[in-house]
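Structure incoming, see below.
The values are calculated or read from the model by the stated rules, or taken from the named source; none is laboratory data. Keep in mind that this is a model prediction, so the values were computed, not measured. Backbone-built Cβ (ideal geometry, glycine too); neighbour counts: all protein chains shown. All accessible areas refer to the heavy atoms of the entire protein, side chains included, with ligands and DNA or RNA removed. Shrake-Rupley method; radii C 1.70, N 1.55, O 1.52, S 1.80 Å.
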Amino acid sequence: MPIYPYFYDLAEKVSDRYCLISPARFLFGAGATRFEWNNKMLSDEHLKVMSFHQDSSSIFPGTDIMGGVAVMYRDANTNFGAIKTFTPFPELNSILEKVENELFNSISGLIYGVTSYTFSTRAYQDYPDLPNRVGKGSGNQLTSGIFDAIPEIFLEKKQNDNQIQIYGRQSNERVYKWVESDYVRVPENLNSFKVLVPAANGSGAIGEIIPTPLIGQPLIAHPESVIPQHSYRWVTSNQILRQMLY
């Protein structure tokens, strides 16, 4: 987990003004920083992006910080206006301002991340050693490698109507398994179609500019299926599904 949010929070406590440079992923609501913290920063009317650099090696030679770096300035006595949605391009800022002045429903409410699916209390009751097998730092999330860690929970074939399909990775391949529905806490999108797009983007080349056009092929997941692991993010929307299919 990143530690740079703590520097921002501490700096705000000890001074009315600070200027810090850090990874910039939080400006896009991405990375491993908490959603609540990202939202706090983007809503802070006293915080300003002084400069943004997509290629981190232009500031720190020899580094490859995905998402770039940003120089942030905060003055508790000055209202800069909340950042809200950050984009480094003036043209996009102009378009965004026009869109926000109209009735607009963001797609963000339809997107589910890796923490959306977790083990239920029932799973811990039936398998008391589950915390040790899930892995430290994972909490109760269904993380990568979970099929191998707890093979008796995730089955090759469906055995009863109470089981739901789960899509994940095993032995470096994407596979389908079946799990008891009361072993997993699921959001409201369980009975909806899901559009899966890769969570990772880019080729991994040093100094590459994000975003790149290297995006994997989307997949369609049917109702009563879950996708818990790190390979994909998923969107629940019949309208988006129709656009992708037609």
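Greater than 22 Å separation of Cα atoms is the criterion. Which listed pairs, K48/K84; K158/K194; K40/K98, meet it? Each step should come with its number before you reach the end.
Details: K48/K84 11 Å; K158/K194 20 Å; K40/K98 24 Å.
Table pairs above 22 Å Cα-Cα are K40/K98.
E97: accessible area at probe 1.4 Å, nearest 10 Å²?
110 Å²
Ok, one more. Largest first, what is the accessible-area ranking of Y18, Y6 with a 1.4 Å probe?
Largest accessible area first, the residues go Y6, Y18.
Once you put a point 7 Å from the Cα of D16 and another 7 Å from the Cα of D75, both along the Cβ direction, what distance in nm separates them?
Using points 7 Å along Cα→Cβ, the separation is 1.1 nm.
Stretch E91-Y127 to full length: gain in nm at 0.36 nm per residue minus the Cα-Cα span?
Here the answer is 7.5 nm.
How much length is gained on full extension from Y4 to H222, taking 0.36 nm per residue of separation minus their Cα-Cα distance?
Working it through step by step, the gained length comes to 74.6 nm.
Pop a pseudo-label 7 angstrom from the Cα along the beta-carbon direction at both F35 and A149 and give the gap in nm to one decimal.
With each label placed 7 Å out from Cα toward Cβ, I get 2.1 nm.
For Q170, list long-range residues whose amide hydrogen, built 1.01 Å from N in the peptide plane, is under 5 Å from its own amide hydrogen.
Those qualifying (amide H under 5 Å, at least 5 residues apart or on another chain) are V175.
Of the heavy-atom accessible surface of region 1-103 (probe 1.4 angstrom), what whole percent is carbon and sulfur?
For region 1-103, the apolar C and S fraction of the accessible surface comes to 59 percent.
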